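Throughout, read-outs are computed from the coordinates displayed, never taken from laboratory work. Since this is a predicted model, take the numbers as computed values, not measurements. Ideal geometry is used to build each Cβ from the backbone, glycine not excepted, and the neighbour counts take in all protein chains shown.
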Amino acid sequence: MAHKPSELQKAMEAAMPPNVDWRFRTMFGGIGAYANDKMCVSLSDIGLAVKLEGEEHAALLKLKGARALQYEPSMPPSKTYVVVPDAMLKDRKTLGHWLSISARQAASHVKKPSKTKAPAAESPRARRAV
């Protein structure tokens, strides 16, 4: 079933934990939801997907109707985002529970240090005698 990101945002706003600073940004035809400036929810025509890791990720995937986020059939499914079951969109308490876990995990996620490239070796052509 195709979803409207703006309608998903309304469902999410009704269930959002109040102790989190939530912000929404349009992106790629959908909406990204940020908890304390860290993206952790995708709202798209596919559905409302929360970013989860570990046991929580596995637990949500076990629920009837939940599935890994996959924008296109030709693309691999997401390893971190899980689309919540449609029935959960009307269950504020349960949706709020998963939003809270996603926000908590996003806040505790440590950004990996960026890899710096080694300077490129000078090519023999660049060392021409003048």
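If you average the alpha carbon positions of the stretch 37-57 and of the stretch 73-107, how far apart do those two centres end up, in angstrom?
Taking the Cα centre of each part, the stretch 37-57 and the stretch 73-107 sit 4 Å apart.
Provide the gained length on full extension for the span Lys93 to Leu63, in nm with one decimal, where the gain is 0.36 nm per separating residue minus the Cα-Cα distance. Don't skip to the end; give the middle numbers.
Working: separation 30, 0.36 × 30 = 10.80 nm, distance 1.55 nm.
Gain on stretching Lys93 to Leu63: 9.2 nm.
I'd like to compare 81-91, 4-14: which one has the highest average count of other Cβ atoms within 10 Å, and what's the full order after that? Don't skip to the answer; put the middle values down first.
Values: 81-91: 18.9, 4-14: 15.9.
Output ranking for 81-91, 4-14: 81-91, 4-14.
Can you bin the stretch 5-109 into rounded, prolate or oblate? Criterion: square roots of the alpha carbon gyration tensor eigenvalues sorted a ≥ b ≥ c, rounded for a/c under 1.5, prolate for a/b above b/c, oblate for the rest.
rounded
Farthest toward the dipole's positive end in the stretch 5-109, which of Ala66, Gln9, Val41, given Cβ charges of +1 (Lys, Arg) and -1 (Asp, Glu) about the Cα centre?
Farthest towards the positive end: Ala66.
Expected output is a single nm value to one decimal: the length gained when fully extending between Glu55 and Glu72, i.e. 0.36 nm times separation in residues minus the C-alpha distance. What is it?
Details: separation 17, 0.36 × 17 = 6.12 nm, distance 2.59 nm.
Length difference between fully extended and current span is 3.5 nm.
Give, rounded to the nearest 20 debye, the magnitude of the charge dipole that the stretch 5-109 has about its Cα centre when Lys and Arg contribute +1 at Cβ and Asp and Glu contribute -1 at Cβ. Mind showing how you got there, number by number?
Details: 13 positive and 11 negative charges, 29 e Å.
It works out to roughly 140 debye.
Contour minus end-to-end for Ala14 and Met27, with contour as 0.36 nm per residue of separation and end-to-end as the Cα-Cα distance? Numbers along the way, then the final one.
Working: separation 13, 0.36 × 13 = 4.68 nm, distance 2.14 nm.
So the extension gain works out to 2.5 nm.
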